[in-house]
Each structure stands twice: as structure tokens, then as C-alpha cells.
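Enquirer: There's a structure below that I have some questions on.
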Amino acid sequence: MSPRAVNAGVALAYEERGEGPPLLLVHGLGYTRGGWGPAADWLAERFHLFLLDNRGMGQSDKPPGPYTVAELAADAAVVVAAAGLERAHVVGTSLGGMVAQELALGWPERVERLVLVCTTAGGASAYPMPERTVRLFGEVPDLEPEVALRRMVENSLADATVGARPELVEQIYAYRLANRPDLAAWTAQAGAAAAFDSLDRLGGIRAPTLVLTGTADNVIDHRNSHVLAEGIPGARLEHFAGGGHLFLWEEPERFAAAVADFLEEDA
């Protein structure tokens, strides 16, 4: 059984790997802590990883929704404390990137450095979700679960990757089949993401921040990463040209190197 932290009665599972400075990894909608793929292996060579199952996923409790990003961030803060850490670097992708923003804003004493991956500040001024993904999300409840998972995997990769690397599609699809999300919890997480808005608060993030984005992201318009980088004081922006929403699976070694190099600056 994985270690657990408890926030207001909700048990949160997490896993520790590697040695080095502490690094909390927070994944996105419908993904468990195993959703980092080979990138986690690379990062574990240089950091002590804390990989979190967000509420609703994996071995964490699945309370009824709705969820909020603030609740998910409070969960993450409790995990950091339960692990005996004062502070940790934080990497969040997609919904996890929203959680990471909220954590840096609400619990700045817990965040050393921040990496935001394929995510958004949300709100009415955000670049909207691409129409193809809006349609897919609307179709998911009526699709056979296996069909829905495969389509979600393919949509999360760059179109060029789907065409050229069918073995990667199958690898991620196998992971998703083995970690099928609970539909009610998935919906609760999706609602949290849809309601998130940090745009007017970005200036309050004080942790040194790196923003990473794939230019062929079909899930979150990559221009939202420009908004984040412009709104967070001193933030840097790095593009993964041709990368999809899951570019961390498409280029795991490069992704891990970009994260590690940033986190180890001035160490």
C-alpha cells in the first residue's frame, strides 16, 4: 500500500522514488501518478520524487463532486506536509498545472520552484479549448469505455506522433486501460478545471517558474502558456515544437532535462 495523507477525511495516495531534492509531481485530468511514463524514471535519477494520485484517481479516495482546484491544491499541500517536507519543487501538467498554480498562490511556503506544463490560467480571457477536444469530451459519456480511452490518448498526442509512432499510442493506451478513471470522479475533476481562473492572481506567484508547452497541443491551446509566462513575474517559457499535450511522453528525456536543469539552477 502506498503512503497516504489525509485532508478533511479524504485519503490521498502518493509514491516516493529516487534521491535528491524533493519534487512533487501533480498530473492532469483522469491520470494517476503513473501517468508520467518514462519521464519519471529520468527525473528520479536527480530528484526525490513524490508522485500524487489526485483525489478521485488511482488509490486516492473518490469523494462525490464537485471538486475545485483549491481543494486539489490543499490536498497537495497536505501531502507535502505528511511527507515531512517544509518545501518542494512542484511540477504540474494540465489540470495538475492549475493545481500547482493554486498551491504556489495559497501555500507559497511549500513551493521552492514551479514548472507548469501544458496548462492555463483559465477564466474568460483564456484561449478556449480546441473545438475537437470540446466535441470529444461531450461524446465520452456515450462511448464504449475502451473507445473513449483510445480516442483520448490519440487526441492528447500530436497528430504527427499518432501517425508515426503507433507503438507509443499503444503504450499509453495500455496504461490508461490499466488505470481506468471513475467517470463520476473524472467529471468532478473536469468541472474543477473548467471553473479555474488564476489570471488576475498570477502576479502573486513568487516561486521561480518555468512554463513548458507543446506547439501541437490539441487539448489546451498552447497560447495559454504565453499568458502564464507573461503574468508570472520572471517566468520563462520553453516550446516543444510539434509536441502534443502529452509531449512529456513523446520526448521524456528532453522534458526531464528541461525540468531538471531549471530546478537545479543556482543549487
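Bear in mind these aren't lab numbers, they're just calculated from the coordinates by the rules spelled out. Remember, it's a predicted structure, so these values are computed and weren't measured experimentally. Using ideal geometry, Cβ is built from the backbone for each residue, glycine included, and neighbour counts are taken over all protein chains shown.
Enquirer: Where is the GNM fluctuation largest for the chain (alpha-carbon springs, 10 angstrom cutoff): Ala195, Ala70, Ala40?
Expert: The residue with the greatest mean-square fluctuation here is Ala195.
Enquirer: I've got another one for you. Given the options Glu146, Glu71, Glu154, which has the most mean-square fluctuation in a GNM of the chain, springs set between C-alpha atoms less than 10 angstrom apart?
Expert: Glu146
Enquirer: Which of the three applies to segment 4-263, rounded, prolate or oblate, going by the alpha-carbon gyration tensor with a ≥ b ≥ c and a/c under 1.5 meaning rounded?
Expert: Note, shape of segment 4-263 comes out rounded.
Enquirer: By counting other Cβ atoms within 10 Å of each Cβ, how are Trp42, Trp249 ranked from fewest to most?
Expert: Fewest to most other Cβ atoms nearby, the residues stand as Trp42, Trp249.
Enquirer: Tell me the mean residue ellipticity at 222 nm calculated for the chain from its helices only (DSSP H runs of n ≥ 4, each -39500 (n - 2.57), averaged over every residue, nearest 500).
Expert: That comes out to -12000 deg cm²/dmol.
Enquirer: Determine the sum of side-chain charges near Val99: Lys and Arg each +1, Asp and Glu each -1, restricted to other residues whose C-beta is under 10 angstrom from that of Val99.
Expert: Cβ neighbours under 10 Å give a net charge of -3.
Enquirer: Name the most mobile residue of Gly138, Gly18, Gly191, meaning the one with the largest mean-square fluctuation, in a Gaussian network model of the chain with Cα contacts below 10 Å.
Expert: Among Gly138, Gly18, Gly191, the largest GNM mean-square fluctuation belongs to Gly138.
Enquirer: What does the charge count around Ala124 come to, taking other residues whose C-beta lies under 13 Å from its C-beta (Lys +1, Arg +1, Asp -1, Glu -1)?
Expert: Once positives and negatives cancel, what remains is -2.
Enquirer: Order of His245, His226 from fewest to most other C-beta atoms within 10 Å?
Expert: Going from least to most buried by this count: His226, His245.
Enquirer: Still on this structure, please answer the following. Arg113's amide H: which non-local residues (gap 5+, or another chain) put their own amide H closer than 5 Å, with H modeled 1.01 Å from N in plane and none for Pro or chain starts?
Expert: Long-range HN contacts for Arg113: His89, Val90.
Enquirer: Find, to one decimal place in angstroms, the Kirkwood hydrodynamic radius of segment 1-54, where the mean of 1/r is taken over every pair of different Cα atoms and then inverted.
Expert: About 11.5 Å for segment 1-54.
Enquirer: When a/c reaches 1.5 or more, the comparison of a/b and b/c decides; with that in mind, is segment 157-230 rounded, prolate or oblate per its Cα gyration tensor?
Expert: oblate
Enquirer: Then there is this: Work through the residues other than Glu253 whose Cβ is under 13 Å from its Cβ and net out their charges, Lys, Arg +1 and Asp, Glu -1.
Expert: -3
Enquirer: State whether segment 113-267 is rounded, prolate or oblate according to the following rule on the C-alpha gyration tensor (a ≥ b ≥ c being the square roots of its eigenvalues): a/c under 1.5 gives rounded; otherwise a/b larger than b/c gives prolate, and the remaining case gives oblate.
Expert: Oblate, because a/c is 1.5 or more while a/b does not exceed b/c.
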